[in-house]
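Peer 1: Starting off with a structure, shown below.
The values are calculated or read from the model by the stated rules, or taken from the named source; none is laboratory data. All values derive from a computational prediction rather than experimental measurement. Here the Cβ positions follow ideal geometry from the backbone for every residue, glycine too, while neighbour counts run over all protein chains shown.
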Amino acid sequence: MLQLPRSLAPLALSMPALLLAGSAQAVIVLGNGDVINLGALMGNGSDRTVIIDDKMFVFESFSSSQFNANNFSVIGFISAGTNQYGLRNVGFDLTGPFGDGTLGDNLVHEMNIQYEVSVLPDYYSRGVRLCDARLTFNGSAGGDGSFSRVDETIWDLDTNTYLGQMEVYDIANTPNITKLVDAIDFCDVYGTDGYRAFEVNKDLKFFAGSENGFSTASFVRQEFSQIPSPGALALVGLGGLIARRRRGA
């Protein structure tokens, strides 16, 4: 079971956990591999907030004319390995029956999700900063004109500054034009010391160009790496804290 940072631990209940006990709204806590239905997350009575390790995700909107949110899941992702600072990549998987389910209708089947990701205050105060965003999926397409793709736009939430775009795709061709992983290190691109929070707009599109074509995917992974802010030598202690709580200490 995932435990929260020590300052939040007294609030923790079961997994997934309700951090605001007795309230109609509640923050959901997911450990690595823990699942919540996307429809439930976006439904009435939910504040659409998920904590995964040291990150908070607020799912602001879901829109689609072709896809039902109840058919998809959000799964917590925490990388097995750490970087040189003892910090893990944190994010989530979107899983479900992505694709163009009505072949030959000449319609792009599209889903749009907008959310924000931020470093929990307890960790931000210790110097943890967002830096890199990584996008992965297993899309596949076949038949003339068919494609499967995810396009993503990211802003610095605190300054409302556009940072960049990522894209992954499989486009039917001979051979297919394929890019299944994309990543941007915004600290490197802009020479910054990291960010507290990102605003992310994720657009998923699937199109089967003919009745003999196909466009599918079953998961889209989003993960974020992190670094210490300059002078945050206390992160050595934070890395130890993370390691200890993962061992159940």
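Peer 1: For the list (1) modelled with pLDDT under 95; (2) farther than 29 Å from residue 230 by Cα; (3) surrounded by fewer than 19 Cβ atoms within 10 Å (Cβ to Cβ), I need the number of the one condition that residue 213 fails.
Peer 2: Condition not satisfied by residue 213: (3).
Peer 1: From 35, 90, 117, grab the single residue that is farther than 17 Å from residue 150 by Cβ, β-branched (Val, Ile, Thr), out of contact with any helix residue (DSSP H, G or I) (no Cβ under 6 Å at 6 or more places or on another chain) and buried (at least 22 other Cβ atoms within 10 Å of the Cβ).
Peer 2: Details: 35 fails: buried (at least 22 other Cβ atoms within 10 Å of the Cβ); 117 fails: farther than 17 Å from residue 150 by Cβ.
On inspection, the qualifying residue turns out to be 90.
Peer 1: Here's a follow-up. Can you tell which of 62, 77 is more than 16 Å from residue 224 (Cβ to Cβ), within 15 Å of the chain's Cα centre (by Cα) and in contact (Cβ under 8 Å) with a residue 12 or more places away in the chain?
Peer 2: Working: 77 fails: more than 16 Å from residue 224 (Cβ to Cβ).
After ruling out the rest, the residue left standing is 62.
Peer 1: Select from segment 23-64 the residues that are in a strand (DSSP E or B), more than 19 Å from residue 128 (Cβ to Cβ) and out of contact with any Leu (no Cβ under 8 Å at 6 or more places or on another chain) and list them in ascending order.
Peer 2: First pass over segment 23-64, keeping only residues in a strand (DSSP E or B): 28-30, 35-37, 49-52, 55-63.
Among the residues that remain, those that are also more than 19 Å from residue 128 (Cβ to Cβ) are: 28, 35-37, 59-63.
Matches in segment 23-64: 35, 37, 60, 61, 63.
Peer 1: If we keep just the residues of segment 44-62 that are exposed (fewer than 13 other Cβ atoms within 10 Å of the Cβ) and out of contact with any Phe, Trp or Tyr (no Cβ under 9 Å at 6 or more places or on another chain), which is farthest from residue 27 (Cα to Cα)?
Peer 2: From segment 44-62, those exposed (fewer than 13 other Cβ atoms within 10 Å of the Cβ) are 44-45, 61; that's our starting set.
Right, trim to out of contact with any Phe, Trp or Tyr (no Cβ under 9 Å at 6 or more places or on another chain) and you get 44-45.
Values: 44: 14, 45: 11 Å.
Filtering segment 44-62 for residues that are exposed (fewer than 13 other Cβ atoms within 10 Å of the Cβ) and out of contact with any Phe, Trp or Tyr (no Cβ under 9 Å at 6 or more places or on another chain), the one farthest from residue 27 (Cα to Cα) comes out as 44.
Peer 1: Residue 168: buried (at least 19 other Cβ atoms within 10 Å of the Cβ) and closer than 28 Å to residue 105 by Cβ, yes or no? Before the answer, list the steps.
Peer 2: Values: buried (at least 19 other Cβ atoms within 10 Å of the Cβ): yes; closer than 28 Å to residue 105 by Cβ: yes.
The answer is yes for residue 168.
Peer 1: Please work out which residue is farthest from residue 115 (Cα to Cα), limiting yourself to segment 136-165 and to residues that are among the aliphatic types (A, V, I, L, M) and buried (at least 21 other Cβ atoms within 10 Å of the Cβ). Step through it out loud before you land on a result.
Peer 2: Let us first name the residues in segment 136-165 that are among the aliphatic types (A, V, I, L, M), namely 141, 150, 154, 157, 163.
Narrowing further to those that are buried (at least 21 other Cβ atoms within 10 Å of the Cβ): 141, 150, 154.
Numbers: 141: 27, 150: 15, 154: 10 Å.
If we take residues in segment 136-165 being among the aliphatic types (A, V, I, L, M) and buried (at least 21 other Cβ atoms within 10 Å of the Cβ), then 141 is farthest from residue 115 (Cα to Cα).
Peer 1: Can you run down the residue pairs with Cβ atoms below 7 Å, 6 or more apart or on separate chains, where the first is in segment 130-159 and hydroxyl-bearing (Ser, Thr, Tyr) and the partner is surrounded by fewer than 18 Cβ atoms within 10 Å (Cβ to Cβ) and at pLDDT 95 or above?
Peer 2: 136/180; 136/181; 153/165; 153/201
Peer 1: On to the next question. Evaluate the following for residue 67: is it more than 12 Å from the chain's Cα centre (by Cα), more than 18 Å from residue 224 (Cα to Cα) and in a strand (DSSP E or B)?
Peer 2: Values: more than 12 Å from the chain's Cα centre (by Cα): yes; more than 18 Å from residue 224 (Cα to Cα): yes; in a strand (DSSP E or B): no.
The answer is no for residue 67.
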